[in-house]
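Below is one structure, written out as structure tokens, with a few remarks after it.
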Amino acid sequence: AVHGANELHPRVERSALRELAKRFRSPLVAILLAASVVSAFTGDVASFAMIVAMVMLSVVIDFLQEHRAAHAAEALRRRVQVHATVLRDGKAVSLPIQRLVPGDIVRLTAGSVIPADGRLLECNGLHVNEALLTGEPFPVEKRAAGGEGPADVFMGTSVVSGTGTLRALATGGATRVGAIARSLATEAPPSTFERGTRAFGMLIMRLTAFMVLFVLLVNTAMGRPLPESFLFALALAVGLTPELLPMIVSVTLARGAVRLAGRHVIVKRLTAIESLGSMDVLCTDKTGTLTESRIRLHAAIDSKGNEDARVLELAALNSAHQAGLASPLDEAILAVAKPDPRWRKVAEIPFDFERRRVAVLLEDGARRIVVVKGAAETLLDLSHEAHAQVARLEGEGLRVLGIAYKEVGAGAGIDEAGLAFAGFLAFVDPPKRGAGKALAELAAAGVRLKILTGDSEAVTRHLCGALGIEVRGVLAGAQLARLDDMALARKAGETTIFCRVDPMQKNRIVNVLRSRGHVVGFLGDGINDAPALHSADVGFSVNNAVDVAKEAADLIMLRRDLEVVHGAVLEGRRTFVNIRKYILMGTSSNFGNMFSMAAAALFLPFLPLLPTQILLNNLLYDISEIPIPLDRADAAETASPQQWDMKLIRDFMWVLGPVSSLFDLLTFWVLLAVLNAQETLFRTGWFIESLCTQVLVIFVIRTRLSPFASRPGALLAGTSLAVIALALALPWMPFAGALGFAPPPPVFFGVLVVLVASYLVLAEVAKRAFYRHRKAR
């Protein structure tokens, strides 16, 4: 109540009434309301009522759908909140970090996100990554200051190793990173999808401006009343605008998030679903994703390959006394060996990702010993022994750690010079059941795998062979460090295994792949994965990951399984495809109709449709498209990554729009030359034909297959047919006269069936020719 939520950008709870009112600030809504005022002053009560009804219906539908979507997304986000261990009322409790306040005492361990600016009361081997504030990638060692004074650790940084306790001094916007966030209140760069929709909006704006000016010029030249001409031109502009696009996008993404929750994936950032649909590269670590992550100790041997109990004894001492979070390798060691309790830790050099080893100084009375455990090659460099033994073990798919030690005198400090090499620990982590099948499915779906691991090439190659992964290239961290970004970008596309890489190299690989036009997903759960998770187009983590990884990720997997990733990718593509369907339908149909109206204005002595009739046509057509987020997507369209393609949309509009206009012109001829229609009958006949063709062509445009080979969603089919039934019944309704309609003769409906059937056949032929030509090109 006093300090507010511990968030950089606190969510403000707005009243439903205020959210509803906000929608009336839309430029499109403002234009429509202005048109209704003009209609009222010119005495066109029907137009006034129709425009107001259309605005209210559109605003209410948008509000209700987005309100539901926001609540669903918030409920999902709450399931994966980052927690902190806090002392409250003398007890350690786990609380969402949003609930922390100044004065809270917080316990820190390796992998923790530091949840507030605070002062360290105590720490043990605590190393913190402060790259968020300083840009320095290497961890900083911290010491407890205690007592009063300024903060010495800061919100948003993360613990790399060790443990500690801090007293929170500042939370939320009062923190150092909060001040930075306020001073650098810049938006994230737009995604590919957002850039595409912006380009689409500009295309529609140019077409609308041209069409409105053309119609105004023609009507003025023909001496028609200016208010009537203005309303007609305004109605044309509304007819060209896909005003439901924001609602379709938000609802489709929200539905996608709910469906992903059913597939064991929680969406933290809705727009990541769009990127899922385009993802063509997946970068992942090896342990836990490709392996079972049930690591067990296979052997403890000396440099000649013989079993050696002394190696296991030294390893247990190191694992038991190191600070911070025990790794799965430490747990495997301590599961089979208990350390001698007489030894006490004096000092430690904690593990970090540059050294890739941990050293502890232990004391037993007058005796002191330094025990070092880490990546075998780093200790072999110190000890000059047994490289061949490492190669043999790794070639068998075993993960290898080295153990080295030295006796030191009483009172000596800790250092790693002059170590004696004791031997190796070999661990086995079997390939994950079902991973091979899931990887094959991802490959068939056009997603290429990149393995980014701290392990050796030999171990990773052995695993790839067991899972059936084709290795197209290998790049080690040392080689990668010698390449500039341009050279790395060329090699990265053809490389499958990146071995012995550190956290910043993982991040660099993700960035260079993105620079080559790939949409990159990254799956990780460790402290070292956080930079790459943040940089990727789609960051996947798991619910039991360290806090810093969950904070950086876009999607949280409740089950660590590549089958879950494959399912999420397909759902992302389905979402992308349904959004694109609306755009293709709206642009081709609306453009065709608006072009026909503009053409009719050239030779008709009256307006082809009244402004209210254009608005009603547009409203009914929009209603038929509302269920698109629930529509099925063809397997062929979810079989490969989906990219935003503005040229496809523009070309599709130029191909299908004129087909629609051709049949509109045929309808004009039938109404004028065959039925001798006057104004009211002409408008009634064309309104019905226009709406029937617009709505029924949905079943042609929604799929690249034959409409009979791809079944639409039940709600889309039902809503579309209901709209057509309403259009056919409108001329006989009591208020038909007020809308400018009259019942057409029976012969008209026979002609209508022929025209609509012919149009759908030609639209199908044009669609197939379009995609065939595009594929050939």
Approximate spin-label separation Lys647-Phe749, in nm, with each point projected 7 Å along Cα-to-Cβ: 4.8
Length released on extending from Asp484 to Ala738, taking residue separation times 0.36 nm less the Cα-Cα span: 84.2 nm
Full-stretch length increase - Trp654, Ala144 - with 0.36 nm per residue and alpha-carbon distance subtracted: 176.7 nm
Whole-Hz ³J(HN,Hα) from phi, Karplus 6.51 cos²θ - 1.76 cosθ + 1.60, for the stretch 423-437, glycine and proline x: x, 10, 10, 10, 10, 10, 9, x, x, 6, 5, x, 5, x, 5
Nearest-10 value in Å² for the accessible area of His321, using the 1.4 Å probe: 40
Ala714 versus Glu494: modelled label distance in nm, points set 7 Å from Cα along the beta carbon direction: 5.3
Arg573, Arg263, Arg508, reordered so the largest accessible area comes first (probe 1.4 Å): Arg263, Arg508, Arg573
Set of lysines near Lys506 by C-alpha distance (under 20 Å), chain-local residues within fewer than 8 positions excluded: Lys286, Lys450, Lys491, Lys550
Area of Met733 that stays accessible when all protein chains are in place (1.4 Å probe, Å², to 10): 60
Calculated FRET efficiency for the pair Ala599/Asn676, C-beta based, R₀ 30 Å, to 0.05: 0.90
Cα gyration tensor category, rounded, prolate or oblate, for the stretch 539-627 with a/c compared to 1.5: prolate
Residues listed by number, the stretch 283-313, amide nitrogen under 16 Å from Ala335 label point at 7 Å toward C-beta: 287-289, 291-300
Proximal lysines relative to Lys338, as straight alpha-carbon distance under 27 Å, when same-chain residues fewer than 8 apart are discounted: Lys304, Lys373, Lys406
Partner lysines for Lys767 [C-alpha distance under 23 Å; skip if fewer than 8 residues away on the same chain]: Lys581, Lys647, Lys775
Extension gain from Phe214 to Leu20, taking 0.36 nm per residue of separation minus the Cα-Cα distance: 66.3 nm
Accessible area of His462 in the full protein assembly, 1.4 Å probe (Å², nearest 10): 90
Cα-based shape type of the stretch 409-520, given that a ≥ b ≥ c are square roots of the gyration tensor eigenvalues and the cut on a/c is 1.5: oblate
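The values are calculated or read from the model by the stated rules, or taken from the named source; none is laboratory data. Everything numeric in this text was worked out from a predicted model, so none of it was measured. In this analysis, Cβ positions are derived from the backbone assuming ideal geometry, glycine residues included, and neighbour counts consider all displayed protein chains. Remember, those area values only see protein heavy atoms, side chains included, never the ligands or the DNA or RNA. Shrake-Rupley method; radii C 1.70, N 1.55, O 1.52, S 1.80 Å.
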